[in-house]
Each structure stands twice: as structure tokens, then as C-alpha cells.
Amino acid sequence: MTKKAFAIHSFLIRPSLALMLDAALQHDKLIMLRKHLQARGISDARVLDAMARIPREQFIDESLRAEAYSDRALTIACGQTISQPYIVALMTQALALRGNERVLEIGTGSGYQTAILAELARDVVSVERHAALSQQAAGRLLALGHDRVKLVVADGTLGWAADAPYDRILVAAAAATLPRQLIEQLVPGGILVIPLGCRDHQTLQAIHKVGDEPRIELLSACRFVPLVGEEGWPEG
Ligand code: SAH
């Protein structure tokens with residue numbers, strides 16, 4: 001093929017290739033919704049709609065694009081991971097969001113879970129200890145029109161007292177014990193979702209703050225990156 005013919009040829013196929021890749025992602029997203037979420041007990045229509053709307057491929061590295069809707073955690077920057085779609089859906093469903101809540105998220109990571117929360121709640125504050133991750137997430141959330149999310153770079157084991165109390169708290173990193181300040185920053189009747197256990201495996205728990213003894217609902221076995229900070233695991 002001559003150089004000119006090649007240039008015309010690649011010009012012609014490029015848009016259709018992009019469309020094919022897009023169609024493949026849409027197909028994978030449908031499989032995610034039906035097989036990995038609905039078939040495994042995710043029934044909250046608002047959660048399913050939000051997961052259908054938010055493009056997970058925009059929260060990962062370009063090289064992982066084809067994996068965007070596989071049901072597993074994927075590597076992001078700073079040695080962290082974007083959570084598995086089923087776990088994101090399970091945690092979000094457990095928060096029972098109706099649209100007028102103020103939510104605190106600990107562990108912004110890629111910003112994917114943050115975007116889902118922003119679709120479903122009134123106010124979202126998300127705390128991340130790595131500034132680089134927080135900055136990247138800010139760009140992605142803006143691109144999706146979520147300009148009202150407040151992103152904070154801090155140690156989330158202490159919660160974020162400045163905007164407390166919260167109706168819901170979601171912790172996306174694993175702790176050995178429940179950080180005291182998080183339960184203090186939750187309104188009475190509020191729900192806190194957190195993976196609790198050892199460094200290698202944990203149980204995802206929804207803690208309902210009712211009366212003096214919180215009610216604990218066990219959701220699933222899981223494996224999260226450690227919650228590192230003053231009331232969490234030490235660094236390293
Ligand atoms: N839900 C996120 C994934 C979070 S991974 C997503 O959808 O991409 C867990 C995140 O918690 C990591 O980014 C990690 O840096 C962060 N993290 C760990 N300890 C933290 C702490 N004490 N305060 C704030 N963020 C923390």
C-alpha cells in the first residue's frame with residue numbers, strides 16, 4: 001500500500017474501530033449489570049441505574065480499558081486498586097441512599113465509587129491520603145459533571161470533622177477495628193459500611209447506629225487494601 005493510500009485507509013477505519021471498542025464495552029457493561037450485580041442480589045434500581053450510567057473505563061488506565069467491566073479489582077496509581085464492581089454495588093446498596101443524604105467516603109482512589117455516590121446522594125465528601133489520586137479523581141468527576149463533590153487530602157481514619165455529621169459513611173479500605181471518630185461523625189440512625197478484619201481478608205459490614213449498641217449486618221467476605229493512618233494500619 002502506498003503511503004497516501006495507507007493514510008486514507010487508516011483514516012477510514014479509525015472511527016469504526018473506536019465504535020466497535022465502544023460497543024464491546026457497552027456489551028461488557030450489560031453483562032456486569034445482569035450477571036455480576038443483579039444475579040448476585042443487587043436489586044436497588046437506583047444503584048443499578050447509577051452503575052449503568054458511570055463509565056468505569058474512564059477511571060482506569062487506558063491499557064486496562066478492555067477489562068473495565070470484568071468483575072475484579074484493577075490496579076490504579078500509588079499501588080492502590082479500584083474496587084470490584086460487585087463490591088461497589090453491594091456497599092452502595094447497603095447505604096440505602098434515597099437522594100437527600102450527606103455522605104462521607106474514606107478512600108477516594110480512582111473516584112469511581114465517589115461518582116456512584118454523587119449520582120445517588122445530595123452531598124458527598126471524599127477523603128484520600130494520596131494527593132495524586134485525589135487530583136486525578138477530581139478531573140474525572142468534573143468531566144462527568146460532578147462538580148459539587150468535595151475532595152479532601154487527609155487521614156480518613158479520623159473522618160472529616162469539618163463537615164460532620166454524616167447520614168452515611170463508606171470506608172473503601174480495610175481496618176482491624178472501627179475507627180472511633182467515624183462512628184462519632186455519623187448521625188443517630190445513620191449507616192456506616194466498612195471492611196473489618198486482618199490485612200489479608202476481611203468481612204464487609206454495614207453498621208447501623210441505633211441506640212447504644214450498633215446493629216451489625218455482615219455483607220460479604222472481601223479483600224481491600226489497608227486503611228493506613230492514625231486509627232488504622234501503620235504504613236508499609
Ligand atoms: N473505591 C475506590 C477504591 C479505593 S482503594 C475506587 O473506586 O477506586 C482504597 C483507597 O483508600 C486507596 O486509594 C488508599 O490510598 C485510600 N486510603 C487508605 N488509607 C486511607 C486513609 N487513612 N485516609 C484516606 N484514604 C485512605
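Throughout, read-outs are computed from the coordinates displayed, never taken from laboratory work. These numbers were taken from a predicted model, which means no experiment stands behind them. Cβ coordinates were reconstructed from backbone atoms using ideal geometry, including for glycine residues, and neighbour counts include every protein chain displayed.
Note on the stretch 99-160: Cα-only Rg and Dmax are 10.4, 30 Å. Per-residue extension of 0.36 nm, minus the Cα-Cα distance of residue 62 and residue 230, leaves a gain of 57.1 nm for this segment.
Straight-distance candidates among the aspartates and glutamates for linking to residue 35, with alpha-carbon spacing under 20 Å and chain neighbours fewer than 8 residues away dropped: 22, 44, 49, 57, 67, 71.
Could you tally the net charge around residue 92, taking each other residue with its Cβ under 12 Å from the Cβ of residue 92, Lys/Arg +1 and Asp/Glu -1?
Values: positive: 46, 168; negative: 44, 49, 101, 105, 119.
Combined, the nearby Lys, Arg, Asp and Glu give -3.
With +1 on the Cβ of every Lys and Arg and -1 on the Cβ of every Asp and Glu, and nothing else charged, how large is the dipole of the chain about its Cα centre, in debye rounded to the nearest 20? Numbers along the way, then the final one.
Numbers: 25 positive and 26 negative charges, 189 e Å.
Approximately 900 debye in magnitude.
You can think of it this way: the chain between residue 147 and residue 26 has 41.0 nm of extra reach, that is 0.36 nm per residue less the Cα-Cα gap.
Rg(Cα) of the chain divided by 2.2 N^0.38 Å?
On the way: Rg = 19.2 Å, N = 236, 2.2 N^0.38 = 17.5 Å.
Ratio of Cα Rg to 2.2 N^0.38 Å: 1.10.
Selection among 153, 63, 193 by position relative to the dipole of the chain gives 63 as farthest towards the positive end (Cβ unit charges, Cα centre). Remark on residue 74: its backbone amide H falls under 5 Å from those of 82, a criterion applied only to residues 5 or more positions apart or on other chains, H modelled at 1.01 Å from N. In plain terms, the residue of 157, 177 with the fewest other Cβ atoms within 10 Å comes first and the most crowded comes last, giving 177, 157.
What is the diffusion coefficient of the stretch 71-190 in µm²/s, taking the Kirkwood radius over Cα pairs and the Stokes-Einstein relation at 10 °C with a viscosity of 1.306 mPa s?
Working: Rh = 14.3 Å.
Approximately 111 µm²/s, per Stokes-Einstein.
A simple spin-label model places pseudo-atoms 7 Å from Cα toward Cβ; at residue 96 and residue 122 they are separated by 1.8 nm. Given the options 30, 117, 229, identify the residue whose Cα lies farthest towards the positive end of the charge dipole of the chain (+1 on Cβ of Lys, Arg; -1 on Cβ of Asp, Glu). With unit charges placed on the Cβ atoms, the residue in question is 30. Rounded to the nearest whole Hz, the Karplus-based 3J(HN,Hα) values (6.51 cos²θ - 1.76 cosθ + 1.60, θ = phi - 60°) of the stretch 113-118 follow the sequence 4, 4, 5, 5, 5, 5, with x at glycine and proline.
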